[in-house]
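Heads up: the structure comes next, in structure tokens.
The values are calculated or read from the model by the stated rules, or taken from the named source; none is laboratory data. Computed from a prediction, not measured in an experiment: that's the story for all the values here. In this analysis, Cβ positions are derived from the backbone assuming ideal geometry, glycine residues included, and neighbour counts consider all displayed protein chains.
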Amino acid sequence: MMRRRRTGGGVCTWRLGVVVVAFFALLMTAPALLAKTGVVKTTTGQTYIGDVDDSKPGYVTINRKGIPTRVQRADVASIQLADDFPTFYRQRMAQLGPQDVQGRLQLARAAFEFREYNLARDAADSALQIDPNNADAVAMLETIRVQQRLEKNKPPPPGDATGAAPVSRPAATESAGGPAQPPENAKLLKPAEINAIRQAEMRPEDVGVRIRFDRNVLKRYVEYTNRVPADFYALNAMQQAEAIMHDGPVEMRKDIQIQNDPPALLQYRRLVQPFLVQNCATTGCHNGSNPKYNAILPPESDAATYTNFYILDKYIKKMPQSADAVFGHGDARMIDRQRPAQSLLLQYALPGAISEIDHPDVQNYHPPLRGLTDPRYRQLLDWVGSSLQPVDPDYGFDYPVPGATQPATNPTTAQSATTTRPATPPRVVPPPQARPMTPAAPRPAPPPPGQARPGAAVPR
């Protein structure tokens, strides 16, 4: 059998084919090389955000996730370009109106597509601050959290170019000033404690609260109180839960499971916590570097969210005694339900010229609120003064609050001498045998006829 030899011409032909393929590949990718991040608005009101190529005279191409969209030049109203997405993000955010929720959500989606998750979260948080009940903003934030969690849990490369194993470092902060990762040994509230907070912050008029009754507690309560079963079972779940928590023994409360956030805590999750994470946890003050008051970040679970709420609610700061100061007659609280406007949550967020108590000196800290007319101020004030219970509830457990000047104890066990708010009346009435018996005071003898009682008015 004769073997055919490869000629030099064949090799040259093969190399020429490679060059031709590479040339055509370059032509195909040329529009992508010419594209810049930008936004294209059409004459019909549509808006496209992505990689924009406006090099063609007849049309503009917007590439999003590898899918090109062509818009005829006659239909283009305006084009705004930037060299990179962060620059475009800042320019675009500055152009949005103060109440433009949809514009912020569209910018959040674009940032998400460009894998700029911190910018996407900032835009979605901004939209949620304008409209706390916006379901699209809440869903967008949840999508961002899930994606960030997936990115964080990706296995690291086995080693770098030198073959060395990657060095394990403690989590500090995410890129672009994001929150720090929670330490593995961070103490979080347990499910039973989360349920206790939900019970205490729940109101009879709340709607949308899902309640589950365990261990046949409804029947046990009817037998305990000797109520008419038909009347009790005719009540709705909220009324039944309120009755058990008010009149039943303490152990029955454990069998009432609140399965979702009551409105006050849902508002905290959607409005207050994003505000704190965006404006407080990124300054190096409460993100793990300051032992006085640390938040659990990122708050990606119920345990972290409720732990942060508990720390916020129980945080107390010792104030100097001064006769002319608003806070001179007691300690200042982060959440003051009796005096909402004097909560440190609001005072610290106001400019120094307006606030009655200034935020401690922290490098790079800037008050996030513009003043008393800032919409976010009104939202925070409404949450403290209207959404939360008007009096401090007794959650029934203790949790050490970092930086607290006094232990956060239950009103039923101890009461600080400097507390400025009245103790919470217990919602649970203990069984008769559990209450201490106090001997009745002897009734005074009636005065003799014609003699007035002590302290009574004498007729003239």
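Looking at Gly385, Gly352, which one is modelled with pLDDT under 90 and small (Gly, Ala, Ser)? Show your work before the answer.
On the way: Gly385 fails: modelled with pLDDT under 90.
Going through Gly385, Gly352 in turn, just one is modelled with pLDDT under 90 and small (Gly, Ala, Ser): Gly352.
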Here are Pro430, Pro425, Pro360, Pro436: which of them is more than 25 Å from Asp247 (Cβ to Cβ), exposed (fewer than 14 other Cβ atoms within 10 Å of the Cβ), modelled with pLDDT under 90 and not hydrophobic (A, V, I, L, M, F, W, C)?
-> Pro360
Scope the stretch 116-138; condition closer than 19 Å to Tyr268 by Cβ, in a helix (DSSP H, G or I) and not hydrophobic (A, V, I, L, M, F, W, C); matching residues | Arg121, Asp125, Ser126, Gln129
Hits in the stretch 346-378 (condition: touching a residue at least 60 places away in the same chain (Cβ under 8 Å) and touching a helix residue (DSSP H, G or I) at 6+ places or on another chain (Cβ under 6 Å)) = Pro368, Arg376
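Of all residues in the stretch 224-236, which are surrounded by 11 or more Cβ atoms within 10 Å (Cβ to Cβ) and assigned to a helix (DSSP H, G or I)?
To start, the set of residues in the stretch 224-236 that are surrounded by 11 or more Cβ atoms within 10 Å (Cβ to Cβ) comprises 224-225, 227, 229, 232-233, 235.
Across the stretch 224-236, the qualifying residues are Tyr224, Thr225, Pro229, Phe232, Tyr233.
Report whether or not Ala110 is in a helix (DSSP H, G or I), hydrophobic (A, V, I, L, M, F, W, C), within 23 Å of the chain's Cα centre (by Cα) and surrounded by 15 or more Cβ atoms within 10 Å (Cβ to Cβ). Step through it out loud before you land on a result.
Numbers: in a helix (DSSP H, G or I): yes; hydrophobic (A, V, I, L, M, F, W, C): yes; within 23 Å of the chain's Cα centre (by Cα): yes; surrounded by 15 or more Cβ atoms within 10 Å (Cβ to Cβ): yes.
Yes: the conditions hold for Ala110.
Test Asp336 against the criterion of being assigned to a helix (DSSP H, G or I) and modelled with pLDDT of 90 or more, and give yes or no. Please lay out each step first, then the result.
Values: assigned to a helix (DSSP H, G or I): no; modelled with pLDDT of 90 or more: yes.
In short, no.
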If you take the residues in the stretch 277-296 that are crowded, with 21+ Cβ neighbours inside 10 Å and under 13 Å from the mean Cα position of the chain (by Cα), which one is modelled with the highest pLDDT?
-> Val277
